[in-house]
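Shown next, in structure tokens, is the structure this report addresses.
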Amino acid sequence: MVTHKRVLVTGGCGYIGSHTLVSLLDPSTASRTNVVYSVVVVDNLVNSSSESLRRVADVVALDGGFATSDDGLSGRDAGGRLEFRKVDCADISALRAVFEEFAPLGGFDAAVHFAGLKAVGESKSMPLRYYEVNLGTTLTLLDLMEEYGCRSIVFSSSATVYGVAKDEKAKLKETDEVGTTITNCYGRTKYMIEQILQDFHASHESSQHEGGGGDDGGKRDAAKDNPWSVVVLRYFNPAGAHPSGKMGEDPSGVPNNLMPFVAQVAVGRRPHVTVFGNDYDTPDGTGVRDYLHVMDLADGHVAALGYADGATTGDNSRSGRGKLSTFNLGTGTGYSVLDMVDAFGRAVGRPIPVVVGPRRPGDVTIYMADPTRAKEEMGWEARKDLDDMCRDLWSWQTNNPNGYRDAA
């Protein structure tokens with residue numbers, strides 16, 4: 001039997017958020033999961049564009065496409081499966097208005113929380129802003145979810161919570177220590193939010209087990225019927241773009257991540273790629289990272305929603321309903337900086353110019369995930385490889401050399 005669920009997606013116009021919308025709305029998801037998702041995106045568009053939503057509607061062939069209002073404050077497709085509200089998630093009044101608007105329609109079954117600031121370097125120069133925005137949006141969202149009875153959340157965390165690993169050559173596991181050796185403010189905000197979610201979930205677990213009647217008895221019964229389910233996704237290095245070439249990463253200014261920078265060099269917007277250090281203890285001397293295709297990552301969020309809902313498997317021991325669960329999303333395979341640059345050169349058909357510079361403070365030698373738990377518990381694993389990432393990113397870059405601004 002097919003069920004219908006409405007999901008609130010914060011920060012859904014951004015790179016990972018918009019690709020996750022594709023996975024949620026794609027007809028193949030409904031046929032695979034027996035769930036038809038509708039999504040409501042809230043985003044303040046500070047570091048993103050609502051053009052990404054028009055591309056989402058195009059890619060998944062929503063009826064009538066997607067159109068924004070004349071003032072740009074809202075938007076929807078003809079069938080109402082993709083809704084947009086321009087809202088700052090730290091503004092509790094504005095976000096409450098969204099919950100109020102959709103409450104008569106059944107409210108939200110779950111939330112996927114992407115909203116926040118994410119530039120590692122910038123976080124070091126403006127830490128108070130990062131704490132204010134990243135923690136503030138989360139606290140506001142949790143307050144309203146509790147108030148309106150939406151008790152399932154998938155949180156976009158980061159592998160940065162692991163900090164500097166004790167054994168840099170070992171694949172990182174969810175049970176490894178987190179928080180103590182984080183090298184930047186961005187990573188600390190992710191770690192703090194994970195701690196908030198743990199405390200929040202634990203408080204509701206304990207209240208469900210309390211006995212007795214009284215005025216709170218009804219609330220406890222409701223909590224047992226609709227327990228809080230929290231899934232934390234720690235992902236490593238997203239890369240690539242949608243295979244259509246219509247969607248991809250659209251950074252403002254100088255890209256913070258390697259692959260969009262490489263793509264801009266390839267298209268002629270920048271002269272060369274600077275490799276920060278070539279004297280690491282790796283085969284070619286450059287740092288090794290776990291790169292993950294963004295569409296694999298997007299599918300991971302769909303898997304997490306199903307897991308939180310108890311629908312991943314018939315084995316209840318592997319259901320995430322009522323639990324707080326943490327998963328690494330990665331491939332478990334490491335590629336060096338030069339591996340990535342060379343692979344992109346193959347996709348482009350010519351070498352990418354490289355200049356070697358000094359190491360950056362805080363960079364580690366190797367950073368790779370152990371994604372075993374995600375496969376065993378959620379049934380998720382990465383399916384795309386390095387060539388897929390580079391081919392799809394090049395398709396996006398060549399079709400949109402200036403990102404979504406080309407559509408203006």
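The values are calculated or read from the model by the stated rules, or taken from the named source; none is laboratory data. Treat the numbers as computed from the prediction; the structure is a model and nothing was measured. A quick note on method: Cβ atoms are made from the backbone with ideal geometry, for glycine too, and the neighbour counts reach across all protein chains shown. To get the accessible areas, we keep the full protein, side chains included, count just its heavy atoms, and leave off ligands, DNA and RNA. Shrake-Rupley method; radii C 1.70, N 1.55, O 1.52, S 1.80 Å.
Sort out which residues of the stretch 114-130 are aliphatic (A, V, I, L, M), open to solvent by less than 80 Å² (accessible area, probe 1.4 Å) and outside any loop (DSSP other than H, G, I, E, B), and write them in order of number.
V120
For the residues V154, V133, V164, the requirement of being over 22 Å from H301 (Cα atoms) and not in a loop (DSSP other than H, G, I, E, B) singles out V133.
Cβ-Cβ under 8 Å, sequence separation 6+ or interchain: first residue in the stretch 175-199 and among the acidic types (D, E), partner outside any loop (DSSP other than H, G, I, E, B) and open to solvent by less than 70 Å² (accessible area, probe 1.4 Å). Which pairs? Short answer, once both residue conditions are applied: D176/Y162; E177/Y162; E194/F155; E194/S157; E194/V161; E194/V232; E194/T326. Flag: G179 does not match the condition of being open to solvent by 30 Å² or more (accessible area, probe 1.4 Å), assigned to a loop (DSSP other than H, G, I, E, B) and at positive phi.
In the condition set (1) open to solvent by 40 Å² or more (accessible area, probe 1.4 Å); (2) at pLDDT below 95, S244 is compliant with all but (2). Among the candidates R391, R346, R383, the residue that is within 23 Å of K171 (Cα to Cα) and touching a residue at least 24 places away in the same chain (Cβ under 8 Å) is uniquely R383.
Residues in the stretch 34-59 that are farther than 20 Å from G248 by Cα and among the small types (G, A, S): S38 only. Close Cβ contacts (under 7 Å, 6 or more residues apart or on different chains) running from residues in the stretch 263-286 that are in a strand (DSSP E or B) to residues that are open to solvent by 20 Å² or more (accessible area, probe 1.4 Å) and among the basic types (K, R) comprise F276/R359; F276/R360. Go through the residues of the stretch 184-196 one by one and say whether even a single one is touching a Phe, Trp or Tyr at 6+ places or on another chain (Cβ under 9 Å) and open to solvent by 40 Å² or more (accessible area, probe 1.4 Å). Looking through the stretch 184-196, at least one residue is touching a Phe, Trp or Tyr at 6+ places or on another chain (Cβ under 9 Å) and open to solvent by 40 Å² or more (accessible area, probe 1.4 Å). If you go through the stretch 346-372 and keep only what is charged (D, E, K, R) and crowded, with 17+ Cβ neighbours inside 10 Å, you end up with just D370.
On the stretch given as the stretch 29-49, residues that are surrounded by fewer than 19 Cβ atoms within 10 Å (Cβ to Cβ) and either closer than 25 Å to G245 by Cβ or of a type in the set (D, E, K, R) (or both) total 5.
For the stretch 317-343, filtering for residues that are over 19 Å from L233 (Cα atoms), buried (at least 16 other Cβ atoms within 10 Å of the Cβ) and either polar (S, T, N, Q) or free of Cβ contacts under 8 Å to residues at least 24 places away in the same chain (or both) leaves 2.
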